[in-house]
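Everything below concerns the one structure shown next.
The values are calculated or read from the model by the stated rules, or taken from the named source; none is laboratory data. Computed from a predicted structure; not experimentally measured. Positions of Cβ are generated from backbone atoms using ideal geometry, with glycine treated the same way; all protein chains shown enter the neighbour counts.
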Amino acid sequence: GALDRQWPGEWAARACEIEPKPPAEGALPSPPPREREPSRRCRSLLFMALALAAAEAAQVDEAYLCENGMLTAGLPFSAARAGSMSTHSTHPLAVALMNRVAEACGLRARLVNPFMYQTKSELIRDVLAPRLSPREIQSTVSCWAVGRTNRQCGGCVPCILRQIGMAWAELPEEAYMTNVMERPEQYVGANAYGNLVDVLRQAEQVARQSDEEVLLSQPGLLSLQVAGVDIGAVVAMLRRHAEQTLTVVRERYRHAARLIE
């Protein structure tokens with residue numbers, strides 16, 4: 001496959017099986033179905049634990065969490081997305097805390113995100129495009145709803161960032177269930193429309209702000225320092241993302257560009 005061809009001898013795969021542990025005597029009972037946590041907020045914890053388990057089985061020192069810096073920084077795209085309404089799946093502080101757990105458990109592997117300071121567009125253009133064919137890149141998945149639909153939705157934030165990145169890398173357009181980038185007026189009132197507006201407005205805001213204003217408007221960035229992240233490099237990455245987003249939208253998606261004119 002593509003991994004063998006591009007990185008021979010530099011990657012490893014391990015199968016992991018999860019089984020429920022029999023309840024111990026005196027253990028707290030599992031809550032009844034109606035009282036259980038209905039969201040998937042903890043799934044990233046599961047993914048990180050599986051990555052560490054696989055890395056330990058393969059006897060390697062690093063397990064990569066490959067996520068672009070824009071989503072890793074965890075900036076809310078609007079006030080309504082602040083706090084738990086914004087993804088923190090690969091947030092550096094969460095990763096640092098998980099690595100402390102791994103150390104306490106005596107594991108040798110540590111979680112690493114090698115793309116903390118790269119935008120989605122840069123990942124596609126500079127990392128994937130030189131190594132993979134357009135067809136192989138199109139076989140990857142960004143959509144949060146995949147598995148519930150037969151193709152990527154096109155309207156969630158990851159899908160919107162993917163379309164911007166594919167355009168920036170000058171790769172062929174893909175087919176999506178919704179076409180909000182091309183015809184946003186057809187989706188007014190839908191989540192896809194709101195997502196697009198939030199992404200574009202944030203890019204426009206960052207593009208016109210000074211570094212100090214970016215930090216004042218996004219105080220959550222300061223929490224990255226606790227995990228040893230270079231705040232200046234993150235702000236520079238956010239600026240590049242804003243420039244790439246606005247350039248792509250104004251050159252290719254004229255109808256979407258009207259949302260910020």
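In table form, for the structure just shown:
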| quantity | calculated |
| --- | --- |
| Pairs where the first residue, in the stretch 12-35, is within 19 Å of M48 (Cβ to Cβ) and the second is part of a loop (DSSP other than H, G, I, E, B) and modelled with pLDDT of 70 or more, C-beta under 7 Å, 6+ apart | A12/V60 |
| In the stretch 208-222, residue farthest from the chain's Cα centre (by Cα) [restricted to those that are surrounded by fewer than 16 Cβ atoms within 10 Å (Cβ to Cβ) and within 27 Å of L97 (Cα to Cα)] | L216 |
| Out of S30, S39, S44, sole residue that is modelled with pLDDT under 70 and either surrounded by 10 or more Cβ atoms within 10 Å (Cβ to Cβ) or among the polar types (S, T, N, Q) (or both) | S39 |
| Test: residue in the stretch 219-239 that is in contact (Cβ under 8 Å) with a residue 60 or more places away in the chain and touching an Asp or Glu at 6+ places or on another chain (Cβ under 8 Å) | no |
| Tally, over the stretch 189-202, of residues that are in contact (Cβ under 8 Å) with a residue 24 or more places away in the chain and either exposed (fewer than 15 other Cβ atoms within 10 Å of the Cβ) or on the phi > 0 side of the Ramachandran plot (or both) | 3 |
| Exclusive hit being within 16 Å of the chain's Cα centre (by Cα), more than 24 Å from A94 (Cβ to Cβ) and surrounded by 13 or more Cβ atoms within 10 Å (Cβ to Cβ), set Q205, Q163, Q244, Q186 | Q163 |
| Checklist (1) modelled with pLDDT of 90 or more; (2) more than 26 Å from Q59 (Cα to Cα); (3) surrounded by 14 or more Cβ atoms within 10 Å (Cβ to Cβ) applied to R110, failing item | (2) |
